[in-house]
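J.: Dropping the structure in here first, questions after.
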Amino acid sequence: MTTRTQALIPITIAAVIIGVIGLLSIPSESKLETVEFPRGTILIDDIPLEVQIADTEPRRVRGLMFQDPLPNDQGMIFVFDSPGMYSLWMLNMQFSLDMMWFDENGNLVHLEKNVPPCKAVLEIATCQSIVPNAESLYVIEVTSGFIERHQINSDSKLTVISI
């Protein structure tokens, strides 16, 4: 009869291997612990946010990994070249996020509240992608609680001031 420990050993080894492969697949410029992002300003409804701009593939892959929680008036905007189904995940995140997907007209098309980080080896192996239900051009990430605090809903609009 297999003991619990005997069953967990192969699972743990598999999780470590998957985690290592995942980390190796991240472009090298995304792995640096200090990455400088350009900054800009957006409005969600009438709420101003200073945002870090992730407008290249390496910046989008790196995202908010390894960063400390953001102040309530800051976030990150992922800017894509054309509308599409853009999924995100929480690999190497240090805090929970609220995520909002906006189309090319600034209309909110999808949101996710309080998405937990994937930090531990076993979490990395099972870290799921967050997939929107509509195409978007922009994705905004903010510290968890923003959506509730500001009553963001399907009528919310994104206005780009400077990015």
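J.: Which peptide among 63-72, 128-137 comes first, and what is the full order, when sorted by highest mean count of other Cβ atoms within 10 Å?
T.: Highest-to-lowest ranking by the protection proxy: 63-72, 128-137.
J.: Further question: What ranking do 80-86, 45-51, 152-158, 99-105 get when scored by the average of other Cβ atoms within 10 Å per residue, highest first? Before the final figure, lay out each step's value.
T.: Values: 80-86: 12.7, 45-51: 16.1, 152-158: 14.4, 99-105: 20.0.
My ranking of the peptides, most packed first, is 99-105, 45-51, 152-158, 80-86.
J.: Count charges around residue 146 for me, please; just the other residues with Cβ under 12 Å from its Cβ, Lys/Arg as +1, Asp/Glu as -1. Provide the component values of the computation, followed by the final result.
T.: On the way: positive: 113, 149; negative: 45, 73, 98, 112, 141, 148.
Every neighbour counted, the sum reads -4.
None of the figures in this text is laboratory data; all of them are computed from the coordinates on show. Quantities reported herein were computed from a predicted structural model and do not represent experimental measurements. All Cβ positions, even for glycine, are placed from backbone atoms using ideal geometry, and neighbour counts span all protein chains on display.
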